[in-house]
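All remarks here apply to the structure that follows.
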Amino acid sequence: MAGQEQKSSQSRDEAEDVEPGTPAPAAPQASEATEGVDDLLDEIDGVLESNAEEFVRGFVQKGGQ
Amino acid sequence: MSSTDHGPEGLPAGGALRVMGSETEYGIHAPSAPGANATYLSSQVIASYAKLTRERLHASPGAGWDYTDETPLRDARGWSVRRTQAHPDLLTDMEPVLTAEGVALAHGPAELELDGDQEPALMNLVLGNGARLYVDHAHPEYSSPEVTNPLDAVAWDAAGDVVVLAAVRVLAGDQERGPINLYKNNTDGKGASYGSHENYLVPRAVPFADLVKGLTPFFVSRQLMCGAGRVGIGQDGRTPGYQISQRADFFEAEVGLETTMRRPIINTRDEPHSVADKYRRLHVIVGDANCSHVANYLKFGTTAMVLSLIEAGACPAVEIHEPVAAMHRLSHDTGLRETVRLLDGRRLTGLELQWVYFEAAAKLAADAGVAAEHGGDGHTAAVLRLWERALTDLESGPDAAAGYVEWAAKQRVLEGYRARDGLAWDDARLGLVDIQWSDVRPERGLAHRLLSKGSLERLVEDVDIARASIDPPADTRAWFRGKSIQRFPANVASASWDSVVFSPPGSYRLQRVPTREPLRGTRALTEALFEEHPSIEGFLTALLGERHT
């Protein structure tokens, strides 16, 4: 695999070209977020499982790692 | 293989770059089959994904797992547990046997015969993206391929959600079986917990005692940024309320080998899955599964940086009095005022403890030259920026961080319900919100709903997550593993983290190719081999020489 060794420097060059771990734009301001809570709840109301009591009782897991 | 060294020391030191990966055990729920055997249900998830892959490729469903180098009983402190003395849950190096009894318990004997005609109870897959998908105890588990930075860790961890979602869709379309749904969380709220683990490659030369000392106070307080939030206090959730971490209450020891009982803050499992003289794989079991990209990013990024501090001998000298109890108390205080007592007599809040680590990590990264926005290592600057932002926002209260800190985001929704509908903490609707938060189905999962509305920040686009569910990361040995499975699905007999086993056509001998250096087998090192040799015969000859024939 001697031929592949020559490519290791190229690999480093490529690594530098990779987009840096740029986070997404700044978070919405807290005030906007609070205003949005009602919207959020309306949306969540539409997708929540219908029988909360039964669902929560039925969600039984075995322990894992 | 060449003797030239391309170990993890090839990555810039002092910052957030490191070989790392995630493991997620999903909560599993079959609403139309209450009481069904969870191991059986989990095997159906794996089998469904195998079926899907086979249909996609018209070939083998991916490779089985090669157990040769699994050593779950080796303890990082320098000894091994005798097999006969080990709890059966620790024996993760054997293919679990799904007994006929277990299957019968789930669906009755008629189903058993049907299964005989169709699938063996398939427990283990290695995927074309380099990941492992298998049944761990009673949960489907996705173990991500090895990556080198926290952003890729987020992408290939989220890729696991896409993989299991595909299986959920197949099962939902199966009229006879009924749906099986999966949840990226860590507890059922009734006393059971299942893990999401992180793995970090650390030089063997770093004394394990230094890792314990440096990481314990960090893990006790890391949850303030990375916790996923949980309704209910105590292992069985019997005390009504809300806490920061899904996992914290399930930790009962400071250091230990166990992962399923008396769980320790620092896990000592010593399975390097690499050159054992050079590396250890630090197995971190203390974290929550994250649906929030930023929380997941901070989990991997900050932990990698603290490991850099420990390696450099620059870790803050803080030692917590009774860390297990401290971790529980910090998780229970969403007001973030709770303090922990240090052995030197100081009392610090969880946030103050995190600032101590942040300052040290920022200094080391600056000294090492990896922290610059331009000309740094491309990742550390972003980790530091988000780490500082999270601590600053949390100081003014959880609401300020509700756009990206997961427990704060969940709390905002729960408090919204409490305010609007006057719900007490033990109301089932709040328990439902907690569980459904992590449903992997985008139309049902509340975290997914928030992500798509922009109420939860996104670091990786869906299209990139989808790509990560198919392709391996380019800069680790996962690339060789994944590409081998993609290119030669019929000729990869099995694979593991540190090997790919080929079955050459027309030969009864298997060829095991070790991949014990995590930063070899990269695209840069092996792409030419794949491109120049489209046939398996030529590929193996080039890889192994003539002797395979």
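So for the stretch B:474-548, taking the charge dipole from beta-carbon charges (+1 Lys/Arg, -1 Asp/Glu), which of B:Leu510, B:Leu544, B:Gly521 sits furthest toward the positive end?
The residue sitting most towards the positive pole is B:Leu510.
Near B:Lys51, which lysines are there with a Cα under 21 Å away, not counting those fewer than 8 places off in the same chain?
Correct list for B:Lys51: B:Lys483.
How large is ³J(HN,Hα), in whole Hz, for each residue of the stretch B:36-41 in order, when computed from phi with the Karplus curve 6.51 cos²θ - 1.76 cosθ + 1.60 and θ = phi - 60°, using x for Gly and Pro?
5, 5, 5, 5, 5, 4
Can you put B:Glu406, B:Glu271 in order, fewest other beta carbons within 10 Å first?
Numbers: B:Glu406 32, B:Glu271 21.
Fewest-to-most Cβ neighbours within 10 Å comes out as B:Glu271, B:Glu406.
Classify chain B from the C-alpha gyration tensor, please: rounded if a/c falls under 1.5, else prolate or oblate depending on whether a/b exceeds b/c. Display every interim value, and only then the final one.
Values: a/c = 1.65, a/b = 1.19, b/c = 1.39.
Oblate, since a/c reaches 1.5 and b/c is not below a/b.
Please order B:Glu373, B:Glu457 by the number of other Cβ within 10 Å, starting at the fewest.
Numbers: B:Glu373 13, B:Glu457 23.
Starting with the residue having the fewest Cβ neighbours, the order is B:Glu373, B:Glu457.
Under 25 Å Cα-Cα from B:Lys363, which lysines qualify once same-chain neighbours fewer than 8 residues away are excluded?
Cross-link targets: B:Lys213, B:Lys299.
Taking the Cα centre of the stretch B:201-438 as origin, sum charge times position over the Cβ atoms of Lys and Arg (+1) and Asp and Glu (-1), and report the length of that vector in debye to the nearest 20. Numbers along the way, then the final one.
On the way: 26 positive and 31 negative charges, 41 e Å.
For this selection, approximately 200 debye.
Suppose every K and R has +1 on its Cβ and every D and E has -1 on its Cβ; what is the size of the dipole of the stretch B:474-548 about the Cα centre, in Debye to the nearest 20?
On the way: 10 positive and 8 negative charges, 53 e Å.
Rounded to the nearest 20 debye, it is 260 debye.
Determine which lysines satisfy two conditions relative to A:Lys62: a Cα distance under 20 Å, and not lying fewer than 8 residues away in the same chain.
The qualifying lysines are B:Lys184, B:Lys190.
Using amide H atoms built 1.01 Å from N in the peptide plane, name the residues 5+ places from B:Asn181, or on other chains, whose amide H lies under 5 Å from its own.
Here the answer is B:His29, B:Ala30, since their amide H atoms fall under 5 Å of that of B:Asn181.
In debye, nearest 20, what is the charge dipole magnitude of chain B about its Cα centre with +1 on Lys and Arg Cβ and -1 on Asp and Glu Cβ, if you could check?
For chain B, the charge dipole is close to 360 debye.
When A:Asp39, B:Asp471, B:Asp152, B:Asp157 are ordered from fewest to most other Cβ atoms inside 10 Å of their Cβ, what list results? Can you show the working numbers first?
Numbers: A:Asp39 12, B:Asp471 20, B:Asp152 26, B:Asp157 31.
In order of increasing Cβ crowding within 10 Å: A:Asp39, B:Asp471, B:Asp152, B:Asp157.
If you filter the stretch B:230-300 for trypsin sites (Lys or Arg not before Pro), then keep DSSP loop positions with at most 16 other Cβ within 10 Å, what is left? Walk me through the intermediate numbers first.
Values: sites: B:Arg230, B:Arg238, B:Arg247, B:Arg262, B:Arg269, B:Lys278, B:Arg280, B:Arg281, B:Lys299; in loops: B:Arg238, B:Arg247, B:Arg262, B:Lys278.
Filter output for the stretch B:230-300: B:Arg238, B:Arg262.
Would you mind classifying the stretch B:201-438 by shape? Square roots of the alpha carbon gyration tensor eigenvalues, ordered a ≥ b ≥ c; an a/c under 1.5 is rounded, otherwise it is prolate if a/b is larger than b/c and oblate if not.
Since a/c reaches 1.5 and a/b is larger than b/c, the shape of the stretch B:201-438 is classed as prolate.
Cα gyration tensor of the stretch B:474-548, axes a ≥ b ≥ c as square roots of the eigenvalues: rounded (a/c below 1.5), prolate (a/b > b/c) or oblate?
Working: a/c = 1.71, a/b = 1.36, b/c = 1.26.
In terms of gyration-tensor shape, prolate.
Placing +1 on the Cβ of each Lys and Arg and -1 on the Cβ of each Asp and Glu in chain B, which of B:Leu282, B:Val170, B:Phe488 has its Cα farthest towards the positive end of the resulting dipole?
It is B:Leu282.
Need the full-extension length gain, B:Leu52 to B:Glu254, defined as separation in residues times 0.36 nm minus the C-alpha distance. One decimal, nm. Walk me through the intermediate numbers first.
Values: separation 202, 0.36 × 202 = 72.72 nm, distance 4.24 nm.
That works out to 68.5 nm of additional length.
We did not get these values from a lab; they are worked out from the coordinates using the rules stated. Only a predicted model underlies this, so the values are computations on that prediction, with no experimental measurement involved. So basically every Cβ, Gly included, is an ideal-geometry build from the backbone, and we count neighbours across all protein chains shown.
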